Amino acid sequence: MVPRVQLPPEIQLAQRLAGNEQVTRDRAVKKLRKYIVARTQRAAGGFTHDELLKVWKGLFYCMWMQDKPLLQEELGRTISQLLHAFQTTEAQHLFLRTFWQTMNREWTGIDRLRLDKFYMLMRMVLNESLKALKMRGWEERQIEQLLELLTTEILHPDSQAPSGVKSHFLEIFLEELSKVGAAELTADQNLKFVEPFCTIAARTQDSLVLHNITRGIFEAIVEQAPFAIEDLLDELDAQEGEEGTSEDEGTSEDEECERDAPSMQPGSPRGAALPGRSDEPPGGGEDAVGPVLQFDYEAVAGRLFAVASEQSTPSQNRKRLYKVIRKLQDLAEGVFPEDDVPEKAYRNLRDEEQERRTKKRLPKARSQNHPGKGRKEDSCPDPSSGSKRRMRRRQRRGSGAEPVAPQEQRGGPGGRGTRKKRRWLRAGAKVKGARCQELQTEQRPLQSRK
């Protein structure tokens, strides 16, 4: 009997994570979390790079086998939260590095039906990595290490990351950062998060990466500027309101009851809301943008200009970045992209765009019922009239009607033939006239002799 070789625990877990039965996969995920906690608590413990690659391969196919959107979302959240099971920052960064390497390696084999759940997994892992920074108080050193990891594994030319991974990462980065740290991050800290994208946009040779960075990072900052200023004003109003309430604490309870009591109008039900008030929370409507990051637009424009004005920057990148710099400088001076539009109209821009699209898609039946359009259509020439005329000409020719002689044109083939025929007729007439004159002269002396 050959002794049975015992496989390492990482390979055993990876095999169970990629099992066919969902119960086996769920148990394997729970055991993996306990195994990570137990191993990282040891003094000499920790995972190597190859071991975590094997673990992530099992997690990748665990997500591959999972169906049903709600279960996929739950599994993605469970997998992304494994990051917090690691006790040290180095172990967490190694776990993130192997995740992005696994996604780069396996991305080309994902079919279009499974793309959405892996897009979701990437978003959740990025969200949890930013939450890990938040738990450590947004330390500057931790921010630099995480940004270096992300740019090296995703945006660097030697990273071998597919275009789909790069595009999705650039699309979701600011969104997830605003969800996690919009309430705590300052403008200087947000500038540190944006600085790596400035250098990559100035040095990259990939036009797609340049387009995604300008569109997903810098132009997104410009578009969110009005909402960011609104949030700042709301915070100032809230602070003033708190100061006002602290001064009015000495008011009597009767006055407070009178203020809080709803005004009962005749014919209105008891407890009905006033017309000026709304029960919905502020910012909870359809047009609510959510948390928005605060930026020092002048500092962002200066940092971007310093990188774009270097001699090593390609001309195509420089032109594209200068356009963004002008917009940021306008924002720093107080000129907004929609400055001439009132605030209420600016909030309803989306509704107006939808109305314009619906007007363009109106059926043509309405336009035919319009009184002035029928005459224009009648006055337009029928494209089939030329074919009808040709048919009529062919019928005339077939019935024995005499064809119309072509008009004489300069340089035309018909004109040349008719001219030659006329010249020949004229020359023949001249010859005949000369012969008649000779005969007449010969006959005259004969008559005189007789």
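Quick rundown of the values:
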| item | result |
| --- | --- |
| Relative contact order %, the range 1-68, counting alpha carbon pairs below 8 Å whose residues are six or more apart | 45 percent |
| Highest average packing first - 8-17, 180-189, 311-320, Cβ atoms within 10 Å | 8-17, 180-189, 311-320 |
| Environment charge at ILE79 (Cβ cut-off 13 Å; Lys +1, Arg +1, Asp -1, Glu -1) | +3 |
| Karplus-derived 3J(HN,Hα), 6.51/-1.76/1.60, for each residue of the range 103-118, Hz, glycine and proline x | 5, 5, 6, 9, 5, 5, x, 7, 7, 5, 6, 10, 5, 4, 6, 7 |
| Under 12 Å, Cβ to Cβ, from VAL209 - net charge with Lys/Arg +1 and Asp/Glu -1 | +3 |
| Relative packing of peptides 31-38, 213-220 - highest average C-beta neighbours within 10 Å first | 213-220, 31-38 |
| Mean accessible surface per residue for the range 14-70, computed with a 1.4 Å probe while every protein chain stays in place, in Å² | 61 Å² |
| Local net charge near ALA332, Cβ-Cβ under 9 Å (Lys/Arg +1, Asp/Glu -1) | -4 |
| Contact order relative to length of the range 99-234, as percent, for alpha carbon pairs under 8 angstrom and 6 or more apart | 28 percent |
| Karplus-derived HN-Hα couplings along the range 313-318 (A = 6.51, B = -1.76, C = 1.60, θ = phi - 60°), whole Hz, x at Gly and Pro | 6, x, 4, 5, 5, 5 |
| Accessible surface of the range 2-89 [probe 1.4 Å, protein heavy atoms]: carbon and sulfur percent | 53 percent |
| Sequence-separation-based contact order of the range 13-160, relative, with Cα cut under 8 Å and 6+ spacing, percent | 24 percent |
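The values are calculated or read from the model by the stated rules, or taken from the named source; none is laboratory data. It should be emphasised that the depicted structure is a prediction, and the values quoted were computed from it without experimental measurement. Quick reminder, even Gly has a Cβ in these numbers, built from the backbone with ideal geometry, and neighbours come from all protein chains shown. Quick note on the areas: whole protein, heavy atoms, side chains included, nothing else; ligands and nucleic acids left out. Shrake-Rupley method; radii C 1.70, N 1.55, O 1.52, S 1.80 Å.
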